[in-house]
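Below is one structure, written out as structure tokens, with a few remarks after it.
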Amino acid sequence: MIEFASLLGKLNWSALPQDPITAGGAATVVGGVLGVMALLTYFKRWKWLWKEWLTSLDPKKIGVMYIVVAVVMLVRAGTDALMMRTQQAISVGSNHGILDSNHFQQIFSAHGTIMIFFVGMGLMFGLINLIMPLQIGSRDVAFPFLNSISFWLFFVGVVLVNLSLVIGAFSAAGWLAYPPLSELRYSPGVGVDYWIWSLEIAGIGSLLSGINFLTTIIKMRCKGMTLMKMPMFVWTVMGAMTLVIFAFPILTVTLTLLYLDRTFGMHFFTAGDGGNMMMYVNLIWAWGHPEVYILVLPAFGVFSEVVATFSRKRLFGYTSMVWATWAIVALSFSVWLHHFFTMGAGADVNSFFGIMTMIIAVPTGVKIFNWLFTMYRGRILFATPMRWFMGFVVLFTLGGIAGVLLGVPAIDFQLHNSLFLVAHFHTMIVSGVLFGYFAGITYWFPKFAGFRLNERFGNYAFWCWFIGFILAFGPLYVLGLMGATRRLDHYSASLGYQPLFIVAGIGVGIIALGVTAQLLQVFVSIRQRHESRDTTGDPWNGRTLEWSTPSPVPYYNYAVTPEVDNRDPFWAVKQARTAGVAVEPQHYEAITLPKNSAIGLYIGIFSFLIGFGAIWHIVWLAAIGLFGAFVCILIRCNDDHTEHHISAKKLEQLDKQARAQGGLA
Amino acid sequence: MSEHEKIVVAQHDTARGSLASYVAGYIFAVYLTVTAYLVVYNHLFSNTTLTVVIVGLALVQFMVHMLFFLHLGRETKPRWKLAVALFMIMVVVVLVGGSLWIMSNLTYRMTPTQQNNYMNNQQGI
Amino acid sequence: MSSSATVQADDSKPILGFWIYIMTDCVLFASLFATYAVLYKSTAGGPSGYQLFALKNVLAETLILLTSSFTCGLAMLAAHRDDRKQTLFWFAVTFALGVAFLTIELTEFRHFVVTGNSWRRSGFLSAFFTLVGTHGLHITIGLMWMVILMWQVFKCGLARVTIRRLTFLSMFWHFLDIIWIFIFTIVYLRGAIAP
């Protein structure tokens with residue numbers, strides 16, 4: 001209940017770390033933040049950070065910020081995984097490992113929450129921001145200011161999750177916080193509230209992005225780019241954003257209802273007084289299933305771009321790809337019960353959803369075959385992005401087959417919540433989402449940085465991830481079939497699990513090497529940036545519009561908005577060039593671009609106050625946050641000077657400069 | 001700054017209403033509302049039929065609002081607002097209908113009072 | 001070459017964006033409706049809707065809100081006609097009707113609470129208060145927004161950007177009336193059909 005009496009709500013000194021493990025986590029977070037601040041001060045980069053990044057409304061800048069935050073969160077949640085696997089490899093019989101149950105539960109809850117919401121969604125929104133406007137020939141997204149708000153709300157979600165390591169504790173109720181465990185009675189601390197508010201705030205950011213990107217794709221395509229001429233990445237983004245706008249409201253409601261139960265004594269999901277906990281599971285998965293398709297569809301889109309470019313062939317079966325994408329979008333709203341076959345529904349309900357689950361595998365299969373057919377008779381270049389694809393195609397197919405198995409209710413009764421399930425969904429998310437976005441980052445990196453990533457380290461990274469993944473999760477399929485359940489922090493020696501857990505532990509270690517290789521890759525590439533400069537804007541001999549810009553892309557994207565009449569428009573332009581067709585001189589017109597704005601950041605700060613106040617029951621703080629956010633919106637709405645103009649002459653100057661540096665004709 | 005420009009014909013703008021459409025819509029909506037109210041107040045049909053009737057009236061009124069107040073029918077091609085609205089309706093039908101089906105099934109089979117009913121029904125099998 | 005941006009009244013992009021937002025809010029309410037439909041029988045020994053709801057008040061609320069939707073439409077017609085006075089007048093009427101709606105609703109809520117039937121009583125009442133209360137919260141936000149826009153019309157007249165914002169508000173207001181139709185039907189009327 002609300003503690004009105006106390007000015008600081010539930011907050012008191014005992015919220016600070018009370019034991020070594022928590023203290024270690026807190027020290028890392030605080031140390032990390034202080035370290036970054038120290039670096040910024042030492043290199044005198046605060047103003048630069050503020051002007052070039054934090055207040056920028058350029059989607060390319062916002063995209064890079066998303067990706068940077070997501071990568072940091074990847075390291076955080078990956079460390080959680082290392083801790084869990086270490087625990088599981090040694091915690092047998094009389095040995096109880098390095099973590100007690102409470103910490104183990106917080107760690108797996110944080111791992112899942114962070115990976116899905118902040119790594120997966122972060123990488124996705126990052127890439128969409130970077131690439132999608134370029135691919136449709138646009139200068140920006142539909143609502144640049146809203147885009148900034150979305151990023152800052154995402155960032156506040158990240159802050160809240162990590163703050164729980166320092167003040168209070170995180171949820172120990174899993175990444176989806178099922179009641180009754182997540183209700184006040186069994187989780188009386190602030191952990192679940194941290195989980196709720198972190199996701200509530202980040203979720204609103206996601207919803208706004210969905211509206212933004214969908215409107216962008218519908219309304220801001222360049223001349224000649226009809227829907228059926230859009231690149232496949234844009235189609236999958238359109239599908240994913242459709243899922244976002246219809247699924248995230250369900251999450252908002254469900255989180256709110258849980259919070260209302262916990263804070264205002266309501267009875268939505270309580271174990272008594274008319275609550276129905278099964279409704280929570282129903283609602284959260286009605287969001288949760290579309291969520292996984294939200295994550296993976298743009299990754300499929302990345303693969304479509306990568307496969308076509310590195311097979312030097314146009315994508316096979318474009319039309320069927322479009323249909324498959326929309327089939328997945330429509331069907332993903334009709335399978336959600338397969339996450340709770342065992343909750344007790346009858347055979348009729350279970351079979352319906354089991355059959356729908358099987359059906360949804362079909363359009364995904366169509367996509368895989370189309371990629372393979374694209375490769376057939378192509379001239380394949382095995383650069384790093386293509387390697388990520390090859391790893392994906394092997395692992396995803398196997399994991400997908402495991403998924404179809406799980407989709408049979410009778411089989412699922414044996415395997416639900418076992419390590420088989422854990423292995424399945426990690427296979428899909430790692431090989432689909434992660435490999436896809438890694439491929440995208442590697443593929444498009446030269447476009448934004450102006451230089452290529454080091455191929456050798458990319459190679460190491462891929463092989464470490466690929467082999468590491470097989471070692472880390474292969475044994476889990478076996479363990480699941482042997483009866484091991486998920487979230488085990490200790491087991492009896494007679495079960496014979498340990499050897500497999502040890503192999504799995506080694507696998508995670510190799511994945512960690514892969515992440516290290518990726519981070520080193522970035523450092524090495526920066527050091528070598530002069531040798532590996534992208535001087536043509538088109539390092540991979542690409543097919544789509546973004547490759548027609550200089551590298552790095554100027555802030556206005558296109559000096560002159562392109563006109564297309566072809567599905568692979570840049571490829572067509574290049575063919576025409578080699579055939580000697582004359583290039584028409586550019587006709588420059590004045591353009592308008594949004595000015596920087598700090599309001600998005602301020603709204604983020606006020607949202608943080610709302611969240612923190614709601615978590616710790618500090619009513620006046622939440623009220624300040626609400627009022628402040630409202631005032632920010634008013635200020636922005638009354639600001640008449642939100643754009644700046646670039647004259648045609650200046651534009652021509654900038655363009656000629658950029659092209660000279662980027663080596664374009 | 002704020003130039004007080006008038007809206008010239010809004011290009012590609014959404015359809016706008018006319019006095020006739022608002023008046024017609026209002027009259028239809030009042031009629032549908034009062035009808036639903038009277039039907040229930042006077043309990044004119046059996047329980048199930050009543051439910052069907054009032055939900056039907058609500059759906060018709062939904063259409064009236066969409067057409068006469070939100071001018072959905074007057075959108076020029078391409079009809080994106082309509083497309084998104086139809087998709088929304090599909091999602092709502094699946095979400096609400098699906099949830100009702102699932103939850104009634106689950107509550108019947110998994111709650112104590114209901115389980116007694118279930119077990120009684122299963123007797124003799 | 002002219003350096004000013006070309007003045008084109010292409011509001012279709014923000015209007016589509018706002019429309020899509022409205023569609024997401026529909027799904028939000030659909031989730032609340034689904035929850036209500038699942039929980040409305042879970043009265044935990046307390047009263048059901050049949051015992052609690054006063055249909056006459058609800059009919060009044062419904063007709064008031066419906067009329068406010070109509071007057072909002074009239075206000076928009078005036079705005080497109082560039083008639084500042086009429087715009088302000090009809091929005092003022094809309095505002096008054098909105099306040100009347102909220103007054104009846106809050107009176108009903110208060111009555112429930114003081115008679116011991118608050119949101120804490122049962123799953124049904126939690127769902128009722130949350131569904132109807134969320135709608136009421138949207139109405140409150142709409143009314144606040146209305147005041148701010150009326151102020152802008154009063155001070156700066158019917159500029160292009162103001163008319164665009166009024167369009168958003170009117171879309172929002174009509175949408176809220178649509179949601180109310182379903183609350184009126186599924187919560188109140190259905191509740192009144194049988195104990």
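The values are calculated or read from the model by the stated rules, or taken from the named source; none is laboratory data. As the structure is a computational prediction, the values presented were derived from the model and not from experiment. No Cβ is skipped: glycine too gets one built from the backbone with ideal geometry, and neighbour counts run over all protein chains shown.
With (1) touching a residue at least 60 places away in the same chain (Cβ under 8 Å); (2) within 30 Å of A:MET343 (Cα to Cα) as the list, and A:HIS424 as the residue in question, which single condition is left unmet?
(1)
Can you find a residue in segment A:532-552 that is at positive phi and not in a helix (DSSP H, G or I)? Before the answer, list the steps.
Pass one, segment A:532-552, residues at positive phi: A:537, A:541.
Subsequent filtering for residues that are not in a helix (DSSP H, G or I) retains A:537, A:541.
So far as segment A:532-552 goes, yes, one or more of its residues are at positive phi and not in a helix (DSSP H, G or I).
Looking at (1) in a helix (DSSP H, G or I); (2) within 14 Å of another protein chain (Cβ to nearest Cβ), can you tell me which one A:HIS641 breaks?
A:HIS641 satisfies every listed condition except (1).
Would you point out the residue of segment C:10-43, among those that are assigned to a helix (DSSP H, G or I), more than 17 Å from the chain's Cα centre (by Cα) and more than 7 Å from every other protein chain (Cβ to nearest Cβ), that is farthest from B:VAL93 (Cα to Cα)?
Among those that are assigned to a helix (DSSP H, G or I), more than 17 Å from the chain's Cα centre (by Cα) and more than 7 Å from every other protein chain (Cβ to nearest Cβ), it is C:PRO14.
Residues of segment A:52-68 being within 17 Å of A:PHE445 (Cβ to Cβ) and touching a strand residue (DSSP E or B) at 6+ places or on another chain (Cβ under 8 Å), which ones?
none
Which residue out of A:LEU609, A:LEU634 is free of Cβ contacts under 8 Å to residues at least 60 places away in the same chain and within 28 Å of the chain's Cα centre (by Cα)? If you could, list the steps in order and put the result at the bottom.
Details: A:LEU634 fails: within 28 Å of the chain's Cα centre (by Cα).
Within the list A:LEU609, A:LEU634, the selection yields A:LEU609.
Could you tell me whether any residue of segment A:415-425 is at pLDDT 95 or above, in a helix (DSSP H, G or I), closer than 16 Å to A:SER304 by Cβ and of a type in the set (Val, Ile, Thr)? Even if it seems obvious, please write down each step before you answer.
The first filter runs over segment A:415-425 and keeps only residues at pLDDT 95 or above, leaving A:415-425.
Filter again for in a helix (DSSP H, G or I), leaving A:415, A:419-425.
Subset that is closer than 16 Å to A:SER304 by Cβ: none.
Looking through segment A:415-425, none of the residues is at pLDDT 95 or above, in a helix (DSSP H, G or I), closer than 16 Å to A:SER304 by Cβ and of a type in the set (Val, Ile, Thr).
Please go through segment A:490-517 and pick out each residue that is assigned to a loop (DSSP other than H, G, I, E, B) and either without any contact (Cβ under 8 Å) to a residue 40 or more places away in the chain or under 28 Å from the mean Cα position of the chain (by Cα) (or both). Explain how you work it out, then say what you get.
Start the filter on segment A:490-517 by keeping residues that are assigned to a loop (DSSP other than H, G, I, E, B), which leaves A:490, A:492, A:496-497.
Result: A:GLY496, single match.
Looking at A:ALA308, A:ALA324, which is the one that is away from every other protein chain (no Cβ under 14 Å), touching a Ser or Thr at 6+ places or on another chain (Cβ under 7 Å) and in a helix (DSSP H, G or I)? Step through it out loud before you land on a result.
Details: A:ALA324 fails: touching a Ser or Thr at 6+ places or on another chain (Cβ under 7 Å).
Of A:ALA308, A:ALA324, the one residue that is away from every other protein chain (no Cβ under 14 Å), touching a Ser or Thr at 6+ places or on another chain (Cβ under 7 Å) and in a helix (DSSP H, G or I) is A:ALA308.
Which of the numbered conditions does A:ASP273 fail, given that it passes all the others? Conditions: (1) within 10 Å of chain C (Cβ to nearest Cβ); (2) part of a helix (DSSP H, G or I).
(2)
Given the conditions (1) free of Cβ contacts under 8 Å to residues at least 24 places away in the same chain; (2) within 25 Å of A:THR270 (Cβ to Cβ); (3) part of a helix (DSSP H, G or I), report the number of the one that C:PHE70 does not fulfil.
For C:PHE70, the exception is condition (2).
Give me a count of the residues in segment A:344-356 that are facing another protein chain (nearest Cβ under 8 Å), crowded, with 18+ Cβ neighbours inside 10 Å and not small (Gly, Ala, Ser). Outline the logic, then answer.
Filtering segment A:344-356 down to residues facing another protein chain (nearest Cβ under 8 Å) leaves A:344-346, A:348-349.
Those still in the list that are crowded, with 18+ Cβ neighbours inside 10 Å too: A:345, A:349.
The next check asks that each one be not small (Gly, Ala, Ser); those that pass are A:349.
So the answer is 1.
Kindly indicate the residue of segment B:1-34 that is within 26 Å of C:ARG84 (Cβ to Cβ) and at pLDDT 90 or above and also farthest from the other protein chains (Cβ to nearest Cβ) among those meeting that condition.
Here the answer is B:ALA20.
Quick one: count up the residues across segment A:437-488 that are in a helix (DSSP H, G or I), over 24 Å from A:PRO298 (Cα atoms) and small (Gly, Ala, Ser).
Here the count works out to 4.
Taking the conditions exactly as written (under 30 Å from C:ALA54 (Cβ atoms), free of Cβ contacts under 8 Å to residues at least 60 places away in the same chain and either facing another protein chain (nearest Cβ under 10 Å) or out of contact with any strand residue (DSSP E or B) (no Cβ under 8 Å at 6 or more places or on another chain) (or both)), does C:TRP151 satisfy them or not?
On the way: under 30 Å from C:ALA54 (Cβ atoms): no; free of Cβ contacts under 8 Å to residues at least 60 places away in the same chain: yes; either facing another protein chain (nearest Cβ under 10 Å) or out of contact with any strand residue (DSSP E or B) (no Cβ under 8 Å at 6 or more places or on another chain) (or both): yes.
Judged against the criteria, C:TRP151 is not a match.
Got a number for residues in segment A:1-55 being part of a loop (DSSP other than H, G, I, E, B) and not hydroxyl-bearing (Ser, Thr, Tyr)?
Residues of segment A:1-55 that are part of a loop (DSSP other than H, G, I, E, B), as a first pass: A:1-12, A:16-19, A:43-45, A:55.
If we keep only those that are not hydroxyl-bearing (Ser, Thr, Tyr) too, we end up with A:1-5, A:7-12, A:16-19, A:43-45.
Final tally of qualifying residues: 18.
Every residue, every condition in (1) modelled with pLDDT of 90 or more; (2) under 30 Å from A:THR549 (Cα atoms); (3) out of contact with any Lys or Arg (no Cβ under 7 Å at 6 or more places or on another chain), yes or no:
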{"position": "A:VAL581", "(1), (2), (3)": "no, yes, yes"}
{"position": "A:ILE603", "(1), (2), (3)": "yes, no, yes"}
{"position": "A:LEU626", "(1), (2), (3)": "yes, no, yes"}
{"position": "A:THR642", "(1), (2), (3)": "yes, yes, no"}
{"position": "A:ALA660", "(1), (2), (3)": "no, yes, yes"}
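Look at segment B:89-106 and say how many of its residues are of a type in the set (Ser, Thr, Tyr) and loosely packed, with under 15 Cβ neighbours inside 10 Å.
Taking segment B:89-106 as the starting set, the residues that turn out to be of a type in the set (Ser, Thr, Tyr) are B:99, B:104.
Now restrict to residues that are loosely packed, with under 15 Cβ neighbours inside 10 Å: none.
Number of matching residues: 0.
For A:ILE218, work out the one condition from (1) at negative phi; (2) touching a residue at least 60 places away in the same chain (Cβ under 8 Å) it doesn't fulfil.
(2)
Restricting to segment B:75-94, give me the number of residues that are touching a Lys or Arg at 6+ places or on another chain (Cβ under 9 Å) and either β-branched (Val, Ile, Thr) or more than 8 Å from chain C (Cβ to nearest Cβ) (or both).
Qualifying residue count for the region: 1.
May I ask you to list the residues in segment A:55-112 that are hydroxyl-bearing (Ser, Thr, Tyr) and touching a residue at least 24 places away in the same chain (Cβ under 8 Å)? Before the answer, list the steps.
Let us first name the residues in segment A:55-112 that are hydroxyl-bearing (Ser, Thr, Tyr), namely A:55-56, A:66, A:79, A:86, A:91, A:94, A:101, A:109.
Those that are hydroxyl-bearing (Ser, Thr, Tyr) and touching a residue at least 24 places away in the same chain (Cβ under 8 Å): A:THR55, A:SER56, A:TYR66, A:THR86, A:SER91, A:SER101, A:SER109.
Results for (1) within 10 Å of chain C (Cβ to nearest Cβ); (2) surrounded by 19 or more Cβ atoms within 10 Å (Cβ to Cβ); (3) at pLDDT below 95; (4) in contact with a Phe, Trp or Tyr (Cβ under 6 Å, 6 or more places away or on another chain), shown as yes or no for each residue.
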| site | (1), (2), (3), (4) |
| --- | --- |
| B:ALA36 | yes, yes, no, no |
| B:LEU50 | yes, yes, yes, no |
| B:PHE62 | yes, no, no, no |
| B:GLY73 | no, no, yes, no |
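Which one of these is closer than 25 Å to A:ILE131 by Cα, without any contact (Cβ under 8 Å) to a residue 60 or more places away in the chain and surrounded by 22 or more Cβ atoms within 10 Å (Cβ to Cβ): A:PHE392, A:PHE462, A:PHE396, A:PHE438? Spell out the reasoning first.
Working: A:PHE392 fails: without any contact (Cβ under 8 Å) to a residue 60 or more places away in the chain; A:PHE462 fails: without any contact (Cβ under 8 Å) to a residue 60 or more places away in the chain; A:PHE438 fails: without any contact (Cβ under 8 Å) to a residue 60 or more places away in the chain.
None of the other options fit; the residue is A:PHE396.
For the structure I just gave you, tell me whether C:SER126 is at pLDDT 95 or above, in a helix (DSSP H, G or I) and in contact with a His (Cβ under 6 Å, 6 or more places away or on another chain). It would help to see each step written out before you state the result.
Numbers: at pLDDT 95 or above: yes; in a helix (DSSP H, G or I): yes; in contact with a His (Cβ under 6 Å, 6 or more places away or on another chain): yes.
Considered against the rule, which asks whether it is at pLDDT 95 or above, in a helix (DSSP H, G or I) and in contact with a His (Cβ under 6 Å, 6 or more places away or on another chain), C:SER126 comes out as yes.
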